[in-house]
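The block underneath contains the structure these notes are about, expressed in structure tokens.
The values are calculated or read from the model by the stated rules, or taken from the named source; none is laboratory data. Predicted, not measured: the structure shown is a model, and the values here were computed from it. Reconstructed Cβ throughout: ideal geometry from the backbone, glycine too, with neighbour counts over all protein chains shown. Quick note on the areas: whole protein, heavy atoms, side chains included, nothing else; ligands and nucleic acids left out. Shrake-Rupley method; radii C 1.70, N 1.55, O 1.52, S 1.80 Å.
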Amino acid sequence: MKPSIFLNDMLTKGAILGGVMLLSSIAETAMLYYGNSVNWIVVMSIECLVAMAAYCYLVYRFTKGYATLVLSERKEMPYFSYGSGLSYATSISMLAGVIVALGSYMFRHYVVGYENYIAATVKLLQDYLSQTEVPASMVGTYDQMLKALQAQEEPSLISSIFSGIWSYLLAGTIVGMIVAAFTKREPKIFDNQENQDEQ
């Protein structure tokens, strides 16, 4: 198996996965910033569920496609290990994390503005809390949370990228462990030996 096959396929599929997830991230930020009612929280929640489903589907589809490619290269003894599937899934997920973090940072920093983004987040949370029955014991906690959010400084580009890598590495590992179990194919050693004996 040539290393370039893994690298080329991982870069291509990771970029596609990252592009899809970046669109989802931008859509969520836009809904948060431009949404002017609490109802947008419901829309954002639905969008998040759709994005999660799309992520899981794409990781499975891309890993399965890579497994098929590997099997076609190993004609004499076709096999695709659990570890190969897991490493591929985590690799494309990490690349996607870099793309999402970089794109989201640029969108929040240059298009929306970080201060505007935080202000919109705080306003939406305040509107939501004002329409929800909050226990008296939790009022102080929510106030402190909102004040801490307002005082939060904009993270640097590097820290945003590392945060994106870590988040998507964790997601890729969890999803990859499940996907790898479905895409693995054990080598048929005895079948191969029987075919050689017959010849």
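For this structure, a couple of remarks:
- For L95, the solvent-accessible surface computed with a 1.4 Å probe is close to 40 Å², ligands and nucleic acids excluded.
- Potential extension, A119-S81 segment - 0.36 nm per residue separation minus Cα distance: 8.8 nm
- Extending 7 Å from Cα along the Cβ direction at L146 and again at S130 yields two label points whose distance is 0.8 nm.
- 3J(HN,Hα) couplings calculated from phi for region 152-165 with the Karplus curve 6.51 cos²θ - 1.76 cosθ + 1.60 (θ = phi - 60°) are, in sequence order, 5, 7, 5, x, 6, 4, 5, 5, 5, 5, 5, 5, x, 4 Hz; Gly and Pro show x.
- Within the set (1) 19.5; (2) 18.3; (3) 17.1, the number that Kirkwood radius over Cα pairs in Å takes when calculated for this structure is listed as (1).
- Accessible carbon and sulfur surface of the chain relative to its total accessible area, %, 1.4 Å: 63 percent
- Sum of side-chain charges, N116 neighbourhood, beta-carbon under 11 Å (Lys, Arg +1; Asp, Glu -1): +1
- Most to least accessible of K147, K75, K184 (protein chains only, probe 1.4 Å): K75, K147, K184
- At a probe radius of 1.4 angstrom, the accessible area of the chain per residue rounds to 61 square angstrom.
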